[in-house]
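See below for the structure under consideration.
The values are calculated or read from the model by the stated rules, or taken from the named source; none is laboratory data. Since we're looking at a predicted model, the values are computed, not measured. Note that each Cβ is placed from the backbone with ideal geometry, even for glycine, and that neighbours are counted across all protein chains shown.
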Amino acid sequence: MVRKLEPLPEPEPEPTSSAAPPQLSPEEETLLGVAHERPFVPVESRVGGQPAVMNFVGGDEQCRTVAVTYPARRVAELWRVCADGQFALDREAEAIPDLPEDPGLRAARQATVHWAFANGRADSSYGELMIRAQSSGQRDQNGCTVIRSAVTWNGVTIGMSDETICPGGE
């Protein structure tokens, strides 16, 4: 006699609170995403209708810090984002410095961008500033690709740009 295999019954869900989880705004989803994904370069967003840049600053598996920079206002906030989905403002908006017009910084940023073109991504430092660059990974018919670079100071983005780089430095 052959018995037909039947799936096991689904276990009964444990009783929980009937309250639905709170709906997250797009800004909150981006904040949680940056904390979870830890992107190499900052992520552009809008917070309260204002352009913002979010970047992963540090932390551990339990709680991480995300910097939210408002370029138009030249201020940044630090947010603490924990693994359980809770988040809170860790440091109020503080003024950030302007990106220095320094030939040495320009040269360091350009070298980092070209290294990212060749290797996918790169980082370097210039004094107290950190420079990160990452290729979009997509090359056009001429071999050109977009490289995003960001300059951070104490974990806060103070400058960011996208530029197209082609083989041979065109």
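With the requirement that a residue be of a type in the set (A, V, I, L, M, F, W, C), out of contact with any Gly (no Cβ under 7 Å at 6 or more places or on another chain) and either over 17 Å from residue 43 (Cβ atoms) or free of Cβ contacts under 8 Å to residues at least 12 places away in the same chain (or both), what does the stretch 132-170 give you?
Matches in the stretch 132-170: 144, 153, 165.
When residue 84 is evaluated against the numbered criteria (1) assigned by TED's automatic domain parsing to the domain that holds residue 146; (2) in a loop (DSSP other than H, G, I, E, B), which criterion, by number, is the only one it fails?
(1)
Taking only pairs six or more apart or across chains, which ones have beta-carbon atoms under 7 Å, a first residue in the stretch 72-92 that is on the phi > 0 side of the Ramachandran plot, and a second residue that is part of a strand (DSSP E or B)?
Here the result reads 74/95, each pair linking the stretch 72-92 to a residue that is part of a strand (DSSP E or B).
Of the conditions (1) among the acidic types (Asp, Glu); (2) under 17 Å from the mean Cα position of the chain (by Cα); (3) loosely packed, with under 15 Cβ neighbours inside 10 Å, residue 98 fails just one. Which one is it?
Only one criterion is unmet by residue 98, namely (2).
Of all residues in the stretch 50-76, which are of a type in the set (Ser, Thr, Tyr) and within 17 Å of residue 98 (Cβ to Cβ)?
69, 70
Look at residue 106 and say whether it is surrounded by 12 or more Cβ atoms within 10 Å (Cβ to Cβ) and either part of a helix (DSSP H, G or I) or without any contact (Cβ under 8 Å) to a residue 12 or more places away in the chain (or both).
So residue 106 fits the description; yes.
Only one of these conditions is not met by residue 120: (1) within 25 Å of residue 51 (Cβ to Cβ); (2) surrounded by 12 or more Cβ atoms within 10 Å (Cβ to Cβ); (3) outside the structural domain of residue 34 (by TED's automatic domain parsing); (4) not hydrophobic (A, V, I, L, M, F, W, C). Which number is it?
Going through (1) within 25 Å of residue 51 (Cβ to Cβ); (2) surrounded by 12 or more Cβ atoms within 10 Å (Cβ to Cβ); (3) outside the structural domain of residue 34 (by TED's automatic domain parsing); (4) not hydrophobic (A, V, I, L, M, F, W, C) one by one, residue 120 breaks only (1).
Considering only residues that are in a strand (DSSP E or B), under 19 Å from the mean Cα position of the chain (by Cα) and more than 20 Å from residue 93 (Cα to Cα), which ones fall in the stretch 128-149?
Matches in the stretch 128-149: 130, 131, 132, 133, 134, 135, 146, 147, 148, 149.
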